[in-house]
Amino acid sequence: MENGKLILDACCGSRMFWFDKHNPLALFVDKRSEIVTAKDRDKIRTIEVKPDIIADFTNLPFEEALSTWSCLTTLGKTSWMAKKYGRLPDNWQEMIKSGFDECMRVLKPNGTLVFKWSESEIKVNEVLSIIPYKPLFGHTTGRQSKTIWMCFMKLPIN
């Protein structure tokens, strides 16, 4: 990966789960670059999506990376959450499968992929049923315990 970066955030959005949103080890990638403003809970909010590289996580311009992060969700087309995190298309199953395949392709052997999913509309079991990878472990979080973090590993080829 370029410039000595070790961590690839393949769907960075506004870097919401990063403590250091400018971490020098991370390369931030997203298919959009924009500043959006919307009403959220009676307040006007602004969020900036500014990746280092504009690319789709289903077609990454890298040969190899150490770690990949993915954060995706389905939402209403005009909702604040959709503007904040992005939105999956109607053919989300195909996109998720392609995205996982591409993220695993760029991982180095023994590399990890951390995947965050919200079950507010689609259950995680439905997602796991369309990908050929099994998480090593995971954790449920959020106000209503609908967000699931999972860790996958690319095993070395024997």
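The values are calculated or read from the model by the stated rules, or taken from the named source; none is laboratory data. This is a predicted model, so every value here is computed, not measured. Here the Cβ is made from the backbone with ideal geometry for all residues, glycine too, and neighbour counts use every protein chain on show. For accessibility, only protein heavy atoms count, side chains too; no ligands or nucleic acids. Shrake-Rupley method; radii C 1.70, N 1.55, O 1.52, S 1.80 Å.
Just for the stretch 31-45: of the residues that are within 23 Å of PRO89 (Cα to Cα) and β-branched (Val, Ile, Thr), which one is most open to solvent (accessible area, probe 1.4 Å)?
If we take residues in the stretch 31-45 being within 23 Å of PRO89 (Cα to Cα) and β-branched (Val, Ile, Thr), then ILE35 is most open to solvent (accessible area, probe 1.4 Å).
What are the pairs, 6+ residues apart or on separate chains, where a residue within the stretch 119-131 that is farther than 12 Å from LYS97 by Cβ has its Cβ under 7 Å from a residue that is in a loop (DSSP other than H, G, I, E, B) and not hydrophobic (A, V, I, L, M, F, W, C)?
Correct list of pairs: GLU119/LYS146; SER120/LYS146; GLU121/THR74; ILE122/THR74.
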